[in-house]
1. Among MET253, MET76, MET230, whose mean-square fluctuation peaks in a Gaussian network model of the chain (Cα, cutoff 10 Å)?
2. What ranking of HIS290, HIS261 emerges when the number of other C-beta atoms within 10 Å of each C-beta is taken as an exposure proxy, fewest first?
3. For GLU292, GLU145, GLU185, what ranking results if the residue with the fewest other Cβ atoms within 10 Å of its Cβ goes first?
4. For the pair GLN247 and LYS288, what calculated FRET efficiency results from E = 1/(1 + (r/R0)^6), where r is the Cβ-Cβ distance and R0 = 35 Å, to the nearest 0.05?
5. Collect residues whose amide H, placed 1.01 Å from N in the peptide plane, falls under 5 Å from the amide H of PHE144; neighbours closer than 5 in sequence don't count.
6. Each label point is 7 Å from the Cα along the Cα-to-Cβ direction; what then is the distance between the points at ASP30 and LEU165, in nm?
7. In percent, how large is the relative contact order of the range 248-356, given Cα pairs closer than 8 Å and 6 or more residues apart?
8. Over 18 Å between Cα atoms: which of LYS14/LYS250; LYS14/LYS123; LYS37/LYS58; LYS36/LYS68 fall into that group?
Amino acid sequence: MDTIKEIIDPWEFKEVKNYEKSMKDFGISDFSKYTKKLKNAPIEIRRGLVIGHKDFNKIDECISKKKKFAILTGLMPSGKFHFGHMSVINQVIYYQKLGAKIFLLSADIEAQLTRNLSTEETKKIAIEEYLLNFIALGLSKKNFEFYFQSEGPKRSKEYNNLSKLASAKTTFNEVKNIYGDISPEKLTSALIQVADILYPQLENYKITLTPVGWDQINHASFSRDIASRMNFFLPCFTFHKLLPGLQGIKTKMSSSDPSSHIALTDSEKEVENKIKKYAFSGGQPNLKEHKEKGGNTETDISFQYLKLLFEPDDKKLNKIKEDYESGKLLTGELKQITIEKINSFLKQHQEKREKAKKELDKFIQ
Ligand code: TRP
């Protein structure tokens with residue numbers, strides 16, 4: 001069994017059974033050395049959500065020698081912008097502050113091809129759910145380029161040609177090897193994604209980093225294979241674990257299922273209801289047992305959100321961990337802490353999002 005590759009499907013969520021094995025399968029290196037090295041890194045990096053990379057040493061060098069580099073990443077506009085998406089954008093903002101040029105795209109063609117959404121729907125989602133939230137999270141318009149796949153970036157002609165020319169640099173066998181049996185529209189999306197990833201090189205950014213979730217590993221391999229055959233530089237990547245959905249550590253936040261995610265536009269009441277009703281608890285079935293055995297912070301979703309997103313203070317987080325594991329802190333109390341943290345973040349965020357509406361034009365010209 002060990003020789004069988006972990007299956008990763010970028011379009012359909014599959015639980016990752018063994019991260020170490022899939023890192024080996026896809027030639028991904030361990031990121032922990034940089035977790036410690038990167039200064040003032042966002043919580044997603046500090047607390048170990050980002051676990052793998054390809055060629056991050058090049059980015060590390062650019063950061064320490066103040067050399068030019070770019071970030072290219074994209075999101076498929078398929079629904080609400082939730083905490084899972086936020087963990088990518090926080091990384092993008094961090095690199096922007098370190099001086100990187102940011103290329104950010106809305107994968108609207110991919111959404112139309114693989115999610116059956118219309119042009120109007122994808123545009124509306126990209127602006128209202130994505131861009132406004134990006135701006136509110138702190139993305140700056142300086143050193144920033146945004147584009148829709150359907151319209152292309154600045155050099156749109158070359159970008160459009162790139163995905164077509166890339167098709168001559170692969171074979172059905174290779175595609176099958178990387179993606180399994182995929183449909184024509186998925187192959188088209190994959191080739192467009194290769195063009196996205198290589199695009200900054202056409203604007204003379206030779207060193208690029210694409211921070212993506214674990215489900216995008218296939219695209220990383222595909223783009224590096226094609227890059228080498230088209231005389232592009234090899235794009236660098238970081239890979240993060242997908243933020244767990246409310247229902248449990250092995251699930252994923254999904255835009256299409258409101259009971260799996262918390263969206264950045266959810267109201268206080270919605271947050272409270274979702275955490276109370278859906279957030280998987282690592283606590284014991286009854287008070288007596290909980291006091292005796294304590295709760296499990298590894299599987300408790302409220303704790304995981306505090307750890308990975310909302311409690312940056314290590315001391316405070318450790319205290320919560322100790323209290324929960326010793327049984328002193330009860331599930332209801334832990335949930336309440338999480339609800340308050342999330343709501344205080346969202347209150348400020350939503351005010352910023354309102355203000356961002358005035359700035360929107362400057363980001364999409
Ligand atoms: N496939 C990505 C998603 O599902 C979107 C995407 C398109 C992307 N082009 C990209 C991601 C380039 C990173 C880099 O969300």
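Please treat every number below as a calculation from the coordinates, not as lab data. As the structure is a computational prediction, the values presented were derived from the model and not from experiment. Heads up, the Cβs are rebuilt from the backbone with ideal geometry, glycines too, and the neighbour counts pull from every protein chain shown.
1. The residue with the greatest mean-square fluctuation here is MET230.
2. Taking fewest neighbouring Cβ atoms as first place, the list is HIS290, HIS261.
3. Details: GLU292 10, GLU145 18, GLU185 15.
Placing the least packed residue first, the sequence is GLU292, GLU185, GLU145.
4. For R0 = 35 Å, the calculated efficiency reads 0.85.
5. ILE102
6. Each label point lies 7 Å from its Cα, and together they span 4.0 nm.
7. On the way: 115 pairs, mean separation 30.2, N = 109.
Result for the range 248-356 is 28 percent.
8. Flagged as over cut-off: LYS14/LYS123; LYS36/LYS68.
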